[in-house]
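S.K.: Below you'll find the structure I mean.
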Amino acid sequence: MDAFRYNINMSYMYNNKEYVIDSTNITNFVIDYSYDTRNMPILFVTTSIDKKVVDDMIKNSRTKTIILTISKYTKDSSITIQKNYIHDEFMYFLSDDLNNVDDLDYSDSTANSKDIYRKITIGMIDLKLMNNNKKLINEVFINTNLLDIVLKNTSHMNLLIEPIPDLLVPRLIIPPLTSISKYIKFIDSYNSLYPTAYRLFYDFNRTYLLSSAGNNIPAKGENINSIIINVSKSTTADSKVQGMHIDKPGKAYIIELSDTDIKCLEDKATDISYNKIIGIASDGTYRSVDLTLQTPVKNSSEKVRIEMMTNDNIKQVDNIKADILNSSMSLYFAKTELDTSILTLNRKFIVKNYARLYNKDGVFILSSKKEIYTPDNGSFILTTMITLKKAIVS
């Protein structure tokens, strides 16, 4: 069973010199991957920095950047080999209140002091990801394959894409758009990319464009693409194992959990409100789909939700249904000492519960991941908080 530790290094250019933000002053470091609500990760670090440097950071927040490196290594290995998990240049943001006691803090009697620090929280966004997303797009496609339309303006990215239906688009006029995110959203509004809602996310090493079906979409060089989460009784030895291990014959990463570690939230209200969705286009054409989350109630009345379809794409009603079904069950858990780099959108998450929880087995999709790094004897221990949504496509 492999357990991992992490090192964090940050630097900032101050007075034309590299200012190293001492990792021993970091009290908390968080990376938030909210896959359902954002297109890229956002980072927060709480640390203590020299007040003069903090003021410089506030004054130059629009022009300067922070260099961040997070490396990982196996905790109990006889040889410590560190491998970079993240190494990039980051835009940052923080409160804009400059140090108002500067004259007092740096009076003549303390002018040579290097111990005047201020505790702050800094937010960070990867500069490369921001720049990759920015693009002015305005063009017309005639008799073009749907996949070719997507790839036309994403060739600058390291893109992992789930196969898109082979569809010839007779004519598509792209109005002026300023980002790849808006471009993909516009294409999908005219011709749905998948039967389920698409997922677009800019991760540090690649961009993902996937469906919400929970399919296994291997990237180049990845031979193990499933994450199996075994949930056991809290009294068993397996439930207390930290870290993760690899099942090479089964081509899966294995995470062991206790039934007390995992929480489940089920949607028991949606199909009480409505059990049918009708999507209507502007010309009056429509598409109707049934929606049942729970066991059907005999002789229950029909309850309808009506949606006006964007750009007359009535196939979007299937996306709406799949999204509701995907959200019918969510699982939450936290685990320490994982290799967080393998917990990615393209992998299939399979939950296997012990007998009493058998009805919560199945394939899930990664809804959110929050990495919380806390100091631990000169390095950092990672707690990963995971939210999974049941993958149900019908």
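Only the coordinates and a few stated rules stand behind these numbers; no lab work does. What you see is a predicted model, and the numbers here were worked out from it, not measured in a lab. Heads up, the Cβs are rebuilt from the backbone with ideal geometry, glycines too, and the neighbour counts pull from every protein chain shown.
S.K.: In a shell of Cβ-Cβ distance under 15 Å around Leu147, excluding Leu147 itself, what net charge do Lys and Arg (+1) and Asp and Glu (-1) give?
M.R.: On the way: positive: Lys152; negative: Asp148, Glu162, Asp166, Asp188.
Overall, the nearby charge balance is -3.
S.K.: Calculate the spin-label point distance for Asp323 paired with Thr69, positioning each point 7 Å from the Cα along the beta-carbon direction, and give it in nanometres.
M.R.: My value for the distance between the label points is 4.2 nm.
S.K.: Tell me, what does the Kirkwood hydrodynamic radius of the range 178-228 come to in angstroms if you use every pair of distinct C-alpha atoms?
M.R.: Hydrodynamic radius (Kirkwood, Cα only) of the range 178-228 equals 12.6 Å.
S.K.: Here is a further query. How far is the Cα center of the range 138-154 from the Cα center of the range 244-268, in Å?
M.R.: When both Cα centres are located, 40 Å separates them.
S.K.: Counting pairs of alpha carbon atoms under 8 Å apart in space and at least six apart in sequence, what relative contact order in percent does the range 132-210 give? Walk me through the intermediate numbers first.
M.R.: Working: 112 pairs, mean separation 30.9, N = 79.
Taking the mean separation of contacting Cα pairs over the length of the range 132-210, I get 39 percent.
S.K.: Oh, and also: Where the only charges are on Cβ atoms (+1 Lys, Arg; -1 Asp, Glu), what is the dipole of the range 4-83 about its Cα centre, to the nearest 20 debye?
M.R.: On the way: 11 positive and 8 negative charges, 28 e Å.
It works out to roughly 140 debye.
S.K.: Same structure, new question: Hey, can you rank 136-146, 249-259 by average C-beta count inside 10 Å, highest first?
M.R.: Working: 136-146: 13.1, 249-259: 17.4.
The most tightly packed comes first, giving 249-259, 136-146.
S.K.: Would you order Ser232, Ser341 from fewest to most other beta-carbon atoms within 10 Å of each residue's own beta-carbon?
M.R.: Working: Ser232 19, Ser341 16.
Fewest to most other Cβ atoms nearby, the residues stand as Ser341, Ser232.
S.K.: Provide Glu222, Glu18 in ascending order of the number of other Cβ atoms located within 10 Å of each residue's Cβ, fewest first.
M.R.: Values: Glu222 15, Glu18 9.
In increasing order of surrounding Cβ atoms, one gets Glu18, Glu222.
S.K.: A further question follows. Summing Lys, Arg as +1 and Asp, Glu as -1, what charge do residues with Cβ under 11 Å from the Cβ of Ser179 carry, Ser179 excluded? List each step's numbers first, then the result.
M.R.: Numbers: positive: Lys134, Lys135, Lys182, Lys185; negative: none.
Residues near Ser179 contribute +4 overall.
S.K.: Of Lys220/Lys369; Lys17/Lys51; Lys185/Lys321; Lys152/Lys370; Lys128/Lys390; Lys251/Lys352, which sit over 27 Å apart, Cα to Cα? Can you show the working numbers first?
M.R.: Numbers: Lys220/Lys369 23 Å; Lys17/Lys51 16 Å; Lys185/Lys321 18 Å; Lys152/Lys370 33 Å; Lys128/Lys390 32 Å; Lys251/Lys352 16 Å.
Cα-Cα > 27 Å for Lys152/Lys370; Lys128/Lys390; rest within.
S.K.: What is the calculated FRET efficiency for Thr144 to Ala281, with r their C-beta to C-beta distance and R₀ = 25 Å, to the nearest 0.05? Before the final figure, lay out the partial values.
M.R.: Working: r = 22 Å, r/R0 = 0.90.
In this case the efficiency is close to 0.65.
S.K.: State the extension gain, in nm to one decimal, for the chain segment bounded by Asp247 and Ile173, taking 0.36 nm per residue of separation less the distance between their alpha-carbons.
M.R.: Values: separation 74, 0.36 × 74 = 26.64 nm, distance 4.85 nm.
My answer for the length gained is 21.8 nm.
S.K.: Summing +1 for each Lys or Arg and -1 for each Asp or Glu, what net charge is found among the other residues whose Cβ lies under 14 Å from the Cβ of Thr80?
M.R.: +2
S.K.: Let me ask another. About its Cα centre, what dipole magnitude does the range 132-210 give when the only charges are +1 on Lys and Arg Cβ and -1 on Asp and Glu Cβ, stated in debye to the nearest 20? Spell out each step's value before the answer.
M.R.: Details: 8 positive and 6 negative charges, 56 e Å.
My answer is approximately 280 debye.
S.K.: Among Lys220, Lys134, Lys352, rank each residue by its count of other Cβ atoms within 10 Å, from fewest to most, as a rough exposure measure.
M.R.: Details: Lys220 7, Lys134 11, Lys352 15.
Lowest count first: Lys220, Lys134, Lys352.
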